[in-house]
Amino acid sequence: MNLLATFKSRRVYLPILSLLVVLGGWELVGRSINPLLFAPPSSIIAMFGELIASGELLAAAKITMQALFLGYILAVIAGIPMGVLMGAWPRFGDILQPYLYAIFSTPRVVVVPLIIVWFGIGFEARLFLVFFWTAIAISVNTAQGVRNARPDLLEVARSFKVGRYQMARHVLIPGAVPFVISGLRIGAERAIVGVIIGEMFLQIVGLGGIITTASSQLLPAKMLCAVAVIAVLGTIIVTTLDMLEARFQVWRNDSN
Amino acid sequence: MKTLSRLETRRDQLIGVALFLSVWEVAAQLFDKPLLLPPVSAILTALWDLIISGELITALGESIFLLIVGLLVAIVIGFVFGTIIARSKTAYWMLNPYFSALFVTPTIALVPLVLVWFGFGFTGRVLVVVLAAVVPILFSVASGLRDAPGDLIDVARSFGVKGEIPLLFTVRLRAALPVLMAGLRLAAGRAVVGMAVAETYLRLGGIGGLIKSYGAVFRTDYVFASILPLSLLGILLVSGIGRIERRLKWS
């Protein structure tokens, strides 16, 4: 118990100590460097206050979240049924897999020229950047989950002559859930990067837009504010889904 | 559910690709808007043109060089910090938050900062690849070394392997190899993305620059023709590492 207490306190005070050291050093170095190139923490905090007071940061975050959530929800709605189809008809899944894999492993920054000719540089284009890659992540993982139904449970269920509905309700769906959640997490990571790419390269709006405009105005403090908000947002979303994934991990069976 | 053999699956996939490409060709010819959807034949012509003009080879060479240098630097940094984090709880709690933050921050959001601080020269481009790739390597080194099997280390000790450094190289690293390869595979995928980001955002060069400059003049056929080798590069790299990884699964 005593050991646990010290361990717990160590995981609290060490990160704080290191943060203080890093911020202190950053501040000292930052003050001696040209402010057009480098920003000490004090000026970042001042800039953060300014951006909050003017409402600029909140407005930008709102725009980012709109595209992010709408694209993500559409990806879930399209991705899960697609994945179920691919898993239930392995032949269909096998035929589709190479394309999805190829698209998924293509860096999105190089697809930007194609997206511009297809969707322009407006909201639809940004939405597509979020939606498409997220939907692929979700559908591929869902398909894997549907395919990886535990054979021992299937056997038991068959020997009890359960119906189609019961098979789906008690064996197939619980078996697929952990995979679907993995897909939701991987998809969320993709969605966050997608929304930022759209805002930096297509329509200069939102948090990504702040980074782009601040970099052309040589305002590193403003850039870092937007980066920090993106990092915090991403951490919250990904950790939440991570915890969900860990919770359902016990249902998973990767042995086959 | 009848499971198909590998050969049958391959056959289905080949038929699928042939069908897909012919539908694409016919649709594109009927649709006749090469800006939006160039026919497959035009893309292949563009690809051939890029190959014989040497443009593609030069660009690929430049990209692969950047990729390799970036990955090597990421491996060195990831190895050093991963080892420190694995061997010391204090270092873990002091350093881990920064690497976790780096992992969740989209690399692309950091690129303007790299541009301001390091310029668009080779250093800046390598740094973007490193930022993208270093964390998976570091985490895999840290977790692989932390979970080193105690019995193997005892055996090695009793056979006279003394000291932390020899133990690291004779036992810990070898035991961790499958985990390290998994980290490297993840890192390679991210490094390709970092490379593309660096080449399109910092300074037009390599395959990323090729794609962007053809995109700027709306030659969609050439854009497709230059995206293709880039995707292929990423797929080959990641699946190659995955193949080695599966071979190493002895533990």
In segment B:190-205, is there at least one residue being under 19 Å from B:PHE120 (Cβ atoms), assigned to a helix (DSSP H, G or I), free of Cβ contacts under 8 Å to residues at least 24 places away in the same chain and within 13 Å of chain A (Cβ to nearest Cβ)? yes
Condition check for A:GLY234: within 14 Å of chain B (Cβ to nearest Cβ), in a helix (DSSP H, G or I), in contact (Cβ under 8 Å) with a residue 24 or more places away in the chain and more than 14 Å from the chain's Cα centre (by Cα): no
Out of segment A:193-218, which residues are at the interface with another protein chain (Cβ under 10 Å from one of its Cβ atoms) and touching a Ser or Thr at 6+ places or on another chain (Cβ under 9 Å)? A:VAL193, A:GLY194, A:VAL195, A:ILE196, A:GLU199, A:MET200, A:PHE201, A:LEU207, A:GLY208
Taking only segment A:88-119 into account, find how many residues are at the interface with chain B (Cβ under 7 Å from one of its Cβ atoms) and not in a helix (DSSP H, G or I). 3
Please indicate, with yes or no, whether at least one residue in segment B:175-191 is surrounded by 23 or more Cβ atoms within 10 Å (Cβ to Cβ) and over 30 Å from A:VAL109 (Cβ atoms). yes
Which ones in segment B:43-101 are of a type in the set (S, T, N, Q) and within 12 Å of B:VAL135 (Cα to Cα)? B:ASN96, B:SER100
Helices (runs of 4 or more DSSP H) lying entirely in segment B:1-94 (those with 1 or more residues that are within 30 Å of A:TYR13 (Cβ to Cβ)): B:55-87
Please verify whether B:ARG219 is within 28 Å of A:VAL117 (Cβ to Cβ), surrounded by 18 or more Cβ atoms within 10 Å (Cβ to Cβ) and within 14 Å of chain A (Cβ to nearest Cβ), treating the condition exactly as stated. yes
Out of segment A:17-36, which residues are under 22 Å from A:LEU219 (Cα atoms) and touching a Leu at 6+ places or on another chain (Cβ under 8 Å)? A:LEU36
Of the listed residues (A:THR106, A:THR142), the one being more than 21 Å from A:ILE181 (Cα to Cα), within 19 Å of the chain's Cα centre (by Cα), buried (at least 18 other Cβ atoms within 10 Å of the Cβ) and not small (Gly, Ala, Ser) is A:THR106
Selection within segment B:93-138 - touching a residue at least 40 places away in the same chain (Cβ under 8 Å) and β-branched (Val, Ile, Thr): B:THR107, B:ILE108, B:VAL111, B:VAL114, B:VAL126, B:VAL128, B:VAL129, B:VAL130, B:VAL134, B:VAL135, B:ILE137
Could you check how many residues of segment B:83-92 are touching a residue at least 60 places away in the same chain (Cβ under 8 Å) and either of a type in the set (Val, Ile, Thr) or facing chain A (nearest Cβ under 7 Å) (or both)? 1
Residue identified as within 16 Å of the chain's Cα centre (by Cα), more than 11 Å from chain B (Cβ to nearest Cβ) and crowded, with 19+ Cβ neighbours inside 10 Å among A:ARG190, A:ARG185: A:ARG185
Got a sec? Which of B:ARG174, B:ARG243 is more than 10 Å from chain A (Cβ to nearest Cβ), within 27 Å of A:GLU189 (Cα to Cα) and of a type in the set (D, E, K, R)? B:ARG243
Those residues that are at negative phi and assigned to a loop (DSSP other than H, G, I, E, B), I need them from segment B:208-242; list them, please. B:VAL217, B:ARG219
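Taken together, the values in this text are just the output of simple stated rules run on the coordinates, not laboratory data. Keep in mind that what you see is a predicted model, and the values were worked out from it rather than measured. A quick note on method: Cβ atoms are made from the backbone with ideal geometry, for glycine too, and the neighbour counts reach across all protein chains shown.
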